1. Of all residues in segment 437-458, how many are surrounded by fewer than 24 Cβ atoms within 10 Å (Cβ to Cβ) and near the ligand (Cβ under 10 Å from one of its atoms)?
2. Any idea how many residues of segment 289-334 are in a strand (DSSP E or B), of a type outside the set (A, V, I, L, M) and over 22 Å from Val448 (Cβ atoms)?
3. So, in segment 462-477, of the ones that are within 11 Å of the ligand (Cβ to nearest atom) and part of a loop (DSSP other than H, G, I, E, B), which residue ends up surrounded by the most Cβ atoms within 10 Å (Cβ to Cβ)?
4. Can you confirm whether segment 382-393 contains a residue that is within 16 Å of the ligand (Cβ to nearest atom), touching a residue at least 12 places away in the same chain (Cβ under 8 Å) and under 30 Å from Arg298 (Cβ atoms)?
5. Residues Ser267, Ser304: which one is touching a residue at least 40 places away in the same chain (Cβ under 8 Å) and in contact with a Pro (Cβ under 7 Å, 6 or more places away or on another chain)?
6. Check segment 236-255 and report whether any residue there is modelled with pLDDT under 95 and not in a loop (DSSP other than H, G, I, E, B).
7. Show the residue pairs meeting these rules: Cβ distance below 7 Å; 6+ apart or different chains; first residue within segment 450-477 and under 23 Å from Ala318 (Cα atoms) and among the polar types (S, T, N, Q); second residue within 8 Å of the ligand (Cβ to nearest atom) and part of a loop (DSSP other than H, G, I, E, B).
Amino acid sequence: MPASHARFSPARRSVLRRTGAAGLSLLIPACSPPEQAKTPPASTPDVAEGALRLDLRQWRRNGAEEFTLERVRFERKWSGRRKNLAGGLDWGDYRLSVYDSVSGALLFRQGFDTNLEPAARSGTTRISVRFPAPQRPVRAEIEQRREEGAVHVVSSVTIDPNADSVERAPGEIATRVHLIFAGGEPHAKVDLAILGDGYLESEYPKFVSDAARAAGYLFSVDPFTKRKLDFNVYAVFAPSASSGVTDAYLGLNKDTVFRCAYYTGGSERSLADGNNHAVREVAAAAPYDFVLILANARRYGGSSYFGGPAVVAIDSAAARYLVVHEFAHAIGGLADEYYVPAAGGPVFPGTGEPWHPNVTISPHHAKWRDPLSEAGPRPTRWNKAEYETYFADYVRRYNGLRESGAEEAAVEKFLERERGRQAALLAKNGRGRRVGLFEGANGYAKGVFRSEVDCIMFSLQTDYFCAACSAAIERMIDEHCR
Ligand SMILES: [Zn+2]
């Protein structure tokens, strides 16, 4: 999140960046149904051991997208799914499709997001994508969703897995891997690599302790609690030259392995890594499907996007919330459900259904079902006006604290108090866990709906995800396990 707005949850980088403290205008990617492959999907006989990682640079120039290949890296482990390689969950602003270069058969497909603000006309960032190492040359295409029902190829490259240009050397950064939790064989589990930024070599014990604490936060909330046996969790350590991370708010400039810094995307609480190459080199020391980076820092902040990595300030008093909320963005493809209300809005401007599984613009889209609405889907009443009045004031008071340079302890106390206020306000609806169509989500007060009145993606609570978020997280866990 971080969002900029509000919440004060640091947030999904791309969403956050799209939102401005003053007037959010999120551009929501359009959704498209899975395309049919021209030829039957190939399965495991076509892939070898290990994975190929494409280190890419994303360019956007006057709205035109391009991905350029910086290098092809061989990784010894492919820990992702082995079944249904060509037909995974169709989420993400972008997707990677890998075809056999001779037969044209679709071998692998995977959606992803990047941290480039979708609304930006120009910009650049680095991103990596991975797929099971093929036996023969393949054509890798990066596609972008542009409007509902349509994806467009923006870049294509042919890759020979046996070429000398494929880098096969051992990892370039010395790492230490500590197993935190083992659920089973990596290819049949979700593999989470927890990395640390801003830890000195001498702080290794603190890193291992922080990683175990972060895993404890994650598995304290369903569906992670009930699906814990479907995870492997590794703490992968690479030391930094400085302790702590760069934070212009505090005047700190640190030399750290992943270059984590606050203020990415313009928000003081948006905390993100700045060295994708190092993140990938270190994570590859363990089997990994998702990455969580712990910044060795206290000031409230974090960020995430679908596919990750998720980044959190692990010494914040709100670290439990940051870990659960940010990692949920990365694994579940979840949009934020909160919004900063403004006069009469903001109103969702588009017509395309978002691909995110926890928000919808159409009561008939059936991402989830309202069990009590026999007369057909219709918006569920909640104390929207009252909550919006409160929330706008909450944002104003948070910003006031930051502008006055308040001590972090005072900010933490404020967040904890407001967490209780939010819960009490939402409890006034008396609806408990009722599933319905609650208007207000994904940065918009109007025109977008969420499935329950409250959720970890909506308020600062850490007790439960709504029905739609829980289902989405479980779908991704299932994809890795079955
Ligand atoms: Zn939710």
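1. Residues in segment 437-458 being surrounded by fewer than 24 Cβ atoms within 10 Å (Cβ to Cβ) and near the ligand (Cβ under 10 Å from one of its atoms): 1 in total.
2. Keep residues of segment 289-334 that are in a strand (DSSP E or B), which gives 290-295, 302-304, 310-313.
Subsequent filtering for residues that are of a type outside the set (A, V, I, L, M) retains 290, 302-304.
Checking which are over 22 Å from Val448 (Cβ atoms) leaves us with 290, 302.
Count: 2.
3. Here is the first cut: in segment 462-477, the residues within 11 Å of the ligand (Cβ to nearest atom) are 464-473.
Still in the list and also part of a loop (DSSP other than H, G, I, E, B): 464-466.
On the way: Tyr464: 16, Phe465: 28, Cys466: 24.
Per the criteria, the residue is Phe465.
4. So the first thing to find is which residues in segment 382-393 are within 16 Å of the ligand (Cβ to nearest atom), and the list is 382, 387.
Those still in the list that are touching a residue at least 12 places away in the same chain (Cβ under 8 Å) too: 382, 387.
After this cut, where a residue has to be under 30 Å from Arg298 (Cβ atoms) as well, the list is 387.
Looking for residues that are within 16 Å of the ligand (Cβ to nearest atom), touching a residue at least 12 places away in the same chain (Cβ under 8 Å) and under 30 Å from Arg298 (Cβ atoms), one finds at least one in segment 382-393, hence yes.
5. Criteria check complete, one pass: Ser267.
6. Pass one, segment 236-255, residues modelled with pLDDT under 95: none.
Scanning segment 236-255 turns up no residue that is modelled with pLDDT under 95 and not in a loop (DSSP other than H, G, I, E, B).
7. Taking only residues 6 or more apart or on different chains, the pairs are Thr462/Ile456.
Each row is one residue, and each column tells you yes or no for (1) more than 26 Å from the chain's Cα centre (by Cα); (2) surrounded by 14 or more Cβ atoms within 10 Å (Cβ to Cβ); (3) away from the ligand (no atom under 16 Å from the Cβ).
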{"position": "Tyr398", "(1), (2), (3)": "no, yes, yes"}
{"position": "Ala410", "(1), (2), (3)": "yes, no, yes"}
{"position": "Leu415", "(1), (2), (3)": "no, yes, yes"}
{"position": "Glu418", "(1), (2), (3)": "no, yes, yes"}
{"position": "Val435", "(1), (2), (3)": "no, yes, no"}
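The values are calculated or read from the model by the stated rules, or taken from the named source; none is laboratory data. This is a predicted model, so every value here is computed, not measured. Every residue, glycine as well, gets a Cβ built from its backbone with ideal geometry; the counts of neighbours run over all protein chains shown.
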